[in-house]
Amino acid sequence: MSDQHENCFVVEGKLALPYQYFAGAIGSRFLNALRDEQKILGQRCPTCGKVLIPPRGTCEKCFADLSDAWVELGQTGEVTGFTVVHHQEPHYPLPPPFVVALIKLDGADVAFAHLVAGVAPEQVKVGMKVKAVFAEKRIGSLLDIAHFAPV
Ligand SMILES: [Zn+2]
């Protein structure tokens, strides 16, 4: 008597797939400002006043339209949380170990995720002040900010 599960195999694998998507009008404006002007744009909600990044169509708190609510954010901010990545994958932006942090830019009310480099991972701390370091070759990607480094 055989158990049906003994004859079934689940093969696990991983794929790194190339893909593309349209960033939309709002995402495109954000990425163009990063690429062409080295500016980090956020949006100030006209209803609740919250300053959000990355940009979006509506406020996450009160659902107000944010399509014309652009503000330029500071290029410095504070680490509000982080993790050290030790695992290696071919599509990761840096060799491990590297730091992925939540960074609250000056002028923003929310943090967004980005890389912290230029410092040993064990020296990264919550509350650390960091500054955007732009990539020399910018292509219209969140990685046009190469990483954030300690101020
Ligand atoms: Zn709002």
> Restricting the search to the range 74-86, which residues are surrounded by 12 or more Cβ atoms within 10 Å (Cβ to Cβ) and outside any strand (DSSP E or B)?
Replying inline: Gly74, Gln75
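Residues that are farther than 18 Å from Val133 by Cα, more than 16 Å from the ligand (Cβ to nearest atom), in a helix (DSSP H, G or I) and under 19 Å from the mean Cα position of the chain (by Cα): does the range 29-38 have at least one?
Looking for residues that are farther than 18 Å from Val133 by Cα, more than 16 Å from the ligand (Cβ to nearest atom), in a helix (DSSP H, G or I) and under 19 Å from the mean Cα position of the chain (by Cα), one finds at least one in the range 29-38, hence yes.
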>> Just to be sure I understand the filter: pairs with C-beta atoms under 9 Å, separated by 6 or more residues or on different chains, first member in the range 24-37 and at positive phi, second member among the small types (Gly, Ala, Ser). Which pairs pass?
In response: Gly24/Gly57
> Which residues, taken from the range 52-64, are of a type outside the set (Lys, Arg) and more than 10 Å from the ligand (Cβ to nearest atom)?
Replying inline: Ile53, Pro54, Pro55, Gly57
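Restricting attention to the range 113-140, which residues are under 19 Å from Ile26 (Cα atoms) and out of contact with any Leu (no Cβ under 7 Å at 6 or more places or on another chain)? Write out each step before concluding.
Taking the range 113-140 and keeping what is under 19 Å from Ile26 (Cα atoms), we get 113, 138-140.
Hit for the range 113-140 is Ile139, nothing else.
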> Which one of Glu60, Glu89 is assigned to a loop (DSSP other than H, G, I, E, B), of a type in the set (D, E, K, R) and in contact (Cβ under 8 Å) with a residue 60 or more places away in the chain?
Replying inline: Glu89
>> Condition first: of a type outside the set (D, E, K, R) and in contact with a Lys or Arg (Cβ under 8 Å, 6 or more places away or on another chain). Now tell me which residues in the range 38-51 satisfy that.
In response: Gln38, Leu41, Gln43, Cys45, Cys48, Val51
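Confirm whether Leu142 is surrounded by 13 or more Cβ atoms within 10 Å (Cβ to Cβ) and within 18 Å of Arg44 (Cβ to Cβ).
Values: surrounded by 13 or more Cβ atoms within 10 Å (Cβ to Cβ): yes; within 18 Å of Arg44 (Cβ to Cβ): no.
So Leu142 fails the test.
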>> Exactly one condition in (1) of a type in the set (D, E, K, R); (2) within 24 Å of Gly140 (Cβ to Cβ); (3) more than 16 Å from the ligand (Cβ to nearest atom); (4) without any contact (Cβ under 8 Å) to a residue 60 or more places away in the chain is false for Arg44; which is it?
In response: (3)
> Do the conditions hold for Thr83, that is, is it in contact with a strand residue (DSSP E or B) (Cβ under 6 Å, 6 or more places away or on another chain) and farther than 18 Å from Gly107 by Cα?
Replying inline: yes
> Which one of these does Val71 not meet: (1) part of a strand (DSSP E or B); (2) of a type outside the set (D, E, K, R); (3) within 16 Å of the ligand (Cβ to nearest atom); (4) surrounded by 17 or more Cβ atoms within 10 Å (Cβ to Cβ)?
Replying inline: (4)
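Taken together, the values in this text are just the output of simple stated rules run on the coordinates, not laboratory data. All of these numbers come straight from a predicted model, not from anything done at the bench. Here the Cβ is made from the backbone with ideal geometry for all residues, glycine too, and neighbour counts use every protein chain on show.
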